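Since the structure comes first, as structure tokens, the remarks are kept for the end.
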Amino acid sequence: MTLRKAMRSLWLGGLLLLAPGCLSGARNLGAATTPVGTTEVGVSLNALAFEHGRERAYLPNPELTFRKGAGENWDWGGRLTLLGLELGTRHRLVERSPWTLSLAPSAGVWYVPVTNNSTEPVNLRLGGQALVDYRLSPAWTLTGGASLMGAFAGPLTVFQGRFNGSHLLALPGGSLGVAYRLGKSLEIRAEAGLELPLDLREGRRQVTGHAGLSLRWRRANAR
Amino acid sequence: MSQSSQTNPCRSPEPQKAADSSHAWKRRSRRKGPLVALPWAALLLALLTGCPLAENYTDASGPRYSGDHRTPGAVSSEDPSSVTVVTFNLAFAEQVTEAITALTRPPLADADIIVMQEMDAPAVERIATELGLTYVYYPASVQVDGGDFGNAVLSRWPITADWKIPLPHDDPYRKQHRIAVAATVDIRGTPIQVVSVHNATPIVGLGGRLDQAETIINALDGAGPLQIIAGDFNTSDPGSLNQTVKLFSGRGFQWASEGVGDTVDSVIGGLPLDSVFTQGLSAVERGVDRRPAGSDHHPVWVRFAWPP
């Protein structure tokens, strides 16, 4: 491999790791909250479909996730990309076997070096997701999700009080996932979802989506 | 000068000292984690937001520079058999002598129309003087070093009209504004609309750069049957050249520089940033002059059959 090819690969690899976090609506969550005294860590790899220029493009998006049990019916956690972080809580509202219903509000911030149609260097997301689990068996769980996020995307000059070029978006979305418990402390989850971005100034944008796998490992907290 | 007596905050401490103090440091940092992280976060934010805002020329009609250095009889009194167009981004107009050398040797020598980007007024004036051309130049903004940054159209044939086309989507870091420069070049009574383009870099998304290209196409709508839109479209990111060509094709333009290949050498390899799009003209020959020309961009040239 020549130096030029190596540099090109590095550039493309960097772009793949840096760029797409703010485009991802993937949370790879079920409705069941993490028990108190335990922590879950996971790794997700999603394919993202998004509007690039005037066409649709696809990028892989690796993420690290974690959840920590905080109370009888709630936990907190988030997902981490190379230049972004989303944190949120998850509250179990209804538990009637085999159903579980939860609400998961979250807030995220991403720095992205390049802009896209409705993303800018500074990206904020705030909103919530309703999650419904249906346990098919002790090992298999189906999860449906409905979300409504608000997003702000602005140039770096927002820190200097200059907001021109900013976007405000509403992002209703939905997701469907299936989880399989591989062992007492290990779960694999497949999830696909869509978001319908509505730029409050420019109107509807192309549908974005994600599909991917997430592997999550649970352990008791150290005393 | 004694190096050892100096303290360099960017250098790591010596290994032994580091080992001795590592446990204490860990204890301190555990205790003071947020106190340490906050100043670093503030410093990072300060660095990210420390870019000075660009000084843009927001006047819709200027500033404007022009000059005519053609010598009487420089062009034949008969119709030319072809018209050669060159587009060249001269990288902050720093190496003008090298550019003039490149523009005076084949295949660029005797080009009928030259569109240039990243220029300042003295550089355009000098090139026009040495090559015997008429020109029009509009700066879009001021560079960090204080020099102007804009686009020019130079021609062996008379320029009968010119105007500045402001482009949407300033860059998200410094709010640097981009423009295109349009000129009507009259070749023995036949007008050609010529535009020198310099779109934003890929830190402005592809959607924004396509909007810029579309703004230029719209500005020429109905201006005449012969049109040349040429310059640095900054089509380096995946899919951007393809979508730019599709946009022009959809609006009735031919990609006259199709197949010339990469026009810039960069650390990440060759990039196809510069293009020529035309309406009403037939390209008969095209290429990139890859010899050193004083820029990271290579001049792109297209020879058109004449009369059209």
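The values are calculated or read from the model by the stated rules, or taken from the named source; none is laboratory data. Computed from a predicted model, the values in this text were never measured in an experiment. Note that we place each Cβ from the backbone using ideal geometry, even for glycine, and neighbour counts take in every protein chain shown.
All conditions in (1) without any contact (Cβ under 8 Å) to a residue 40 or more places away in the chain; (2) within 14 Å of another protein chain (Cβ to nearest Cβ); (3) among the charged types (D, E, K, R) hold for B:ASP170, with the sole exception of (1).
Scanning segment A:116-165 for residues that are touching a strand residue (DSSP E or B) at 6+ places or on another chain (Cβ under 7 Å), surrounded by fewer than 17 Cβ atoms within 10 Å (Cβ to Cβ) and more than 30 Å from A:THR100 (Cβ to Cβ) turns up just one, A:PHE163.
Looking only at residues in segment B:176-192 that are small (Gly, Ala, Ser) and at pLDDT 95 or above, the one that is surrounded by the most Cβ atoms within 10 Å (Cβ to Cβ) is B:ALA180.
For segment B:103-135, which positions are over 17 Å from B:GLY231 (Cα atoms) and part of a helix (DSSP H, G or I)? Those that are over 17 Å from B:GLY231 (Cα atoms) and part of a helix (DSSP H, G or I): B:ALA121, B:PRO122, B:ALA123, B:GLU125, B:ARG126, B:ILE127, B:ALA128, B:THR129, B:GLU130, B:LEU131. The residues listed here are A:SER44, A:SER106; of these, the one that is under 29 Å from B:SER240 (Cβ atoms), surrounded by 15 or more Cβ atoms within 10 Å (Cβ to Cβ) and at pLDDT 90 or above is A:SER44. Just a yes or no: is a residue in segment B:234-251 more than 14 Å from every other protein chain (Cβ to nearest Cβ) and either of a type in the set (Gly, Ala, Ser) or in contact with a Lys or Arg (Cβ under 8 Å, 6 or more places away or on another chain) (or both)? For segment B:234-251, residues more than 14 Å from every other protein chain (Cβ to nearest Cβ) and either of a type in the set (Gly, Ala, Ser) or in contact with a Lys or Arg (Cβ under 8 Å, 6 or more places away or on another chain) (or both): absent.
Rundown of residues vs (1) under 26 Å from A:ASN221 (Cα atoms); (2) out of contact with any Phe, Trp or Tyr (no Cβ under 7 Å at 6 or more places or on another chain); (3) more than 14 Å from every other protein chain (Cβ to nearest Cβ), yes/no style:
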site	(1), (2), (3)
A:LEU29	yes, yes, yes
A:SER44	yes, yes, yes
A:ALA47	no, no, yes
A:GLU55	no, yes, no
A:ASN61	no, yes, yes
A:LEU64	yes, yes, yes
A:GLU72	yes, yes, yes
A:ASP75	yes, yes, yes
A:ARG79	yes, yes, yes
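Looking only at segment A:113-162, residues that are farther than 22 Å from A:PRO197 by Cα, at the interface with chain B (Cβ under 9 Å from one of its Cβ atoms) and assigned to a strand (DSSP E or B) come to 0 in all. Out of curiosity, is A:LEU182 in a strand (DSSP E or B) and surrounded by 14 or more Cβ atoms within 10 Å (Cβ to Cβ)? No: the conditions fail for A:LEU182. A:LEU103 fulfils the conditions (1) within 14 Å of another protein chain (Cβ to nearest Cβ); (2) touching a Leu at 6+ places or on another chain (Cβ under 8 Å) except for a single criterion, (1). Tally time: how many residues in segment A:180-190 are touching a Lys or Arg at 6+ places or on another chain (Cβ under 8 Å) and either of a type in the set (Gly, Ala, Ser) or closer than 10 Å to A:GLY25 by Cβ (or both)? The qualifying residues number 1. Of all residues in segment B:76-102, those being in a helix (DSSP H, G or I) and surrounded by fewer than 24 Cβ atoms within 10 Å (Cβ to Cβ) number 8.
Residues that are crowded, with 20+ Cβ neighbours inside 10 Å and of a type in the set (S, T, N, Q): which strands (runs of 3 or more DSSP E) entirely in segment B:193-304 hold 1 or more of them? Talk me through it step by step, then tell me what you get.
Numbers: elements: B:227-232, B:264-266, B:269-271, B:274-279, B:283-288.
Passing ranges, in order: B:227-232, B:274-279.
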